[in-house]
Structures are given as C-alpha cells and as structure tokens.
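J.: Just passing along the structure, written as structure tokens.
The values are calculated or read from the model by the stated rules, or taken from the named source; none is laboratory data. Please read these numbers as outputs of a predicted model, since none were measured by experiment. When we count neighbours, we look across all protein chains shown, and the Cβ atoms used for this are built from the backbone with ideal geometry, even at glycine.
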Amino acid sequence: MFPRAVYNSRICDIINVERLREFVLSRRNDDGGFTFCKQLPSTLPETFYAVYILTSIGDEVPDKEKLVEFLRNSIRTEPYSIFYTLNSLNLLSEKLLDVSDLLFNRLEKITKVVPREFGSEIGTTATYSFDMPNVLKGVYILTSSLRLLGKEIPDEVKDFIMKFRKNGGFGIASPNLQETYYCVSVLGNVIERANSVVSFVREHECQGGGFTKVPNGYPPYLEDTYYAVSCFCVLGYDYASEKTARYISALQNPDGGFRRSIHGGISSLEYTYYAVASLVLPEESIGNLRE
C-alpha cells in the first residue's frame, strides 16, 4: 500500500512548499484530474501523486467533487486502474467500491504460476526509469488494493512471495531495492529475519545521502530512495537521515517539482511524490514507534 498522506510540518523546513504547490496545481486539468503535462489527458497515477502531495503539505484538493467524479468514471477492471483509484479515493475519505472478488481472482491466477517462468526487466537512463511487466509488482498492486478494502491476504500469497527471497533482499533474477519493496509491502512487518532485509537495504545507501540501484553504487536515485525508506517504514525500522533529507531537497527544480537525479532532469509528479513521501515516511515511522 502507498504511505498514507498526513500533513507534516517538518517538510516545510526542508523544501520550498509554495513552489511545490504551484507545480502540482499546474498539472491539473479541467476534468479534475492531473496530468504529466498540460498537453496530455489526466491519468490515474498522476492524479494519485498530486492528491498525496497536496494532502502531505496540508492543502485541500481543489474542486474535490469534480475530482471524485473523474476517479469514479475512470475506474476499470484492470488492477492498476483499481489500485490508483482506490488509493486516491481513500486519501479523499471517499467510499471505496468493493472489487475484492475480482482482485482475489487475479491474485490466485498469478500465484499459481511457477516462479521460474517469470522474467524481470527494468530500464533506466540518467534521468528516467521505466518498468516492464513484473509479477512481484502485480502481486503488490493486488494485495495493496485488497488491504485498502479491509481484506486479509491469504497465507498462500505470502508463501509465494517468500520464494523470491535472495541474500537478505528479494528479486526475480537477483535481489534489488524495487522488488524488495514490493515483497516487503506484501509481507508486512512479520518477515522472518527482518534485520537481514534492513541490512540489505542499507547496503544501497550512498555516503552523501539517498540510495542507489546496486550496493556501493552511484549516483543515488529518487525512486530507489523511496523504495528503501518505504521498506524501513513497513519493517518498523527507525530511519532518519539528515544527509538523505538534504539530498532530496537538492533535487527540487526551479519550477517547484522534483527531478530524479542530481545529474539533472525534468520535474514530474511521480518523482515529486517519491521526494515528498521519502521525507514524510521517516517522521511517521518514528511517531508510530513512540505510540
């Protein structure tokens, strides 16, 4: 599941929130949804990112009724559509459509396939990354949606995910932060030998802040930093790094959005979401540990 968006005052001390707000609202379309850029139609992922960011900085989402109408009109039977729609509606405190039967059916089909039949491919450039279809992401999407609907995840699904555990992390071909994040999110905080997962993730931490794609690698990327921090949060690991906070703040572009890499790049709602969530999550995790 995505991290819940809760207003966090500390974020105002780290980044320029006013410019951030302007960037997000500049991506809003007339139908109430949000887009990658104004020339394109609204999408469910971009809309979720925008709603999360605005909620995290304590802002109301403009014209909420129109946005809710856009979300309800956009939902399909495809799991990714359901995933982003449910998460957005949940942030807006709206009633969620119960599509759990469909989700359980898809989940059963995925987990009956032998793990060796799966492939994994992640594309990457200096300023952008892209995913090919990934079974672990698929299970993550389905289980996160089911949890939003208040459903329990079958033990068979967790057993299936454990088949991909490798050397402290998780992965289809080899352990990596992205697929470890998916698996940790499915399993929750009851993973056996959780300390080894934390150690695996910490191996990707960059000395100057942020997290990299491979242990002791360089440069750090926003998405990998998000995967790492999210893993810590799920596992209840107390992680608070001023270096990582400074690294993230340095990625804010003049337009208020965030780029992926210290080597440059355009702002996007996706990377801006990764930045904001990575700053908010450690504070939430610490708060939960103190309760």
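J.: Please enumerate the residues belonging to the range 150-195 that are surrounded by 16 or more Cβ atoms within 10 Å (Cβ to Cβ), over 18 Å from the mean Cα position of the chain (by Cα) and among the aliphatic types (A, V, I, L, M).
T.: Result: Ile153, Val157, Ile161, Ile172, Ile191, Ala194.
J.: In the range 58-113, which residues are over 29 Å from Leu20 (Cβ atoms) and either among the charged types (D, E, K, R) or touching a His at 6+ places or on another chain (Cβ under 9 Å) (or both)?
T.: Arg76, Glu78, Lys95, Asp98, Asp101, Arg106, Glu108, Lys109, Lys112, listed by residue number.
J.: Would you tally the residues in the range 196-213 being surrounded by fewer than 21 Cβ atoms within 10 Å (Cβ to Cβ), touching an Asp or Glu at 6+ places or on another chain (Cβ under 9 Å) and touching a residue at least 24 places away in the same chain (Cβ under 8 Å)?
T.: Final tally of qualifying residues: 2.
J.: While we're here: Could you tell me whether any residue of the range 190-202 is touching a Ser or Thr at 6+ places or on another chain (Cβ under 6 Å) and either under 22 Å from Leu279 (Cα atoms) or not charged (D, E, K, R) (or both)?
T.: No: the range 190-202 contains no residue that is touching a Ser or Thr at 6+ places or on another chain (Cβ under 6 Å) and either under 22 Å from Leu279 (Cα atoms) or not charged (D, E, K, R) (or both).
J.: If you don't mind, there's one more thing I want to ask. Looking only at helices (runs of 4 or more DSSP H) that fall completely inside the range 126-214, which ones have 2 or more residues that are among the hydroxyl-bearing types (Ser, Thr, Tyr)?
T.: 135-148, 177-187, 194-202
J.: Take the range 156-184 and flag every residue that is without any contact (Cβ under 8 Å) to a residue 40 or more places away in the chain and of a type in the set (Lys, Arg).
T.: Across the range 156-184, the qualifying residues are Lys158, Arg165, Lys166.
J.: Criterion first (among the aliphatic types (A, V, I, L, M) and modelled with pLDDT of 95 or more) does Val6 satisfy it?
T.: No, not satisfied.
J.: What are the residue pairs meeting all of these: first residue in the range 36-48, first residue surrounded by fewer than 21 Cβ atoms within 10 Å (Cβ to Cβ), second residue among the β-branched types (Val, Ile, Thr), Cβ atoms under 8 Å, and 6 or more apart or on different chains?
T.: From residues that are surrounded by fewer than 21 Cβ atoms within 10 Å (Cβ to Cβ), the pairs are Phe36/Thr43; Pro41/Thr35; Thr43/Thr35.
J.: Is at least one residue of the range 220-234 surrounded by fewer than 19 Cβ atoms within 10 Å (Cβ to Cβ), over 15 Å from the mean Cα position of the chain (by Cα) and not in a helix (DSSP H, G or I)?
T.: No, every residue in the range 220-234 fails to be surrounded by fewer than 19 Cβ atoms within 10 Å (Cβ to Cβ), over 15 Å from the mean Cα position of the chain (by Cα) and not in a helix (DSSP H, G or I).
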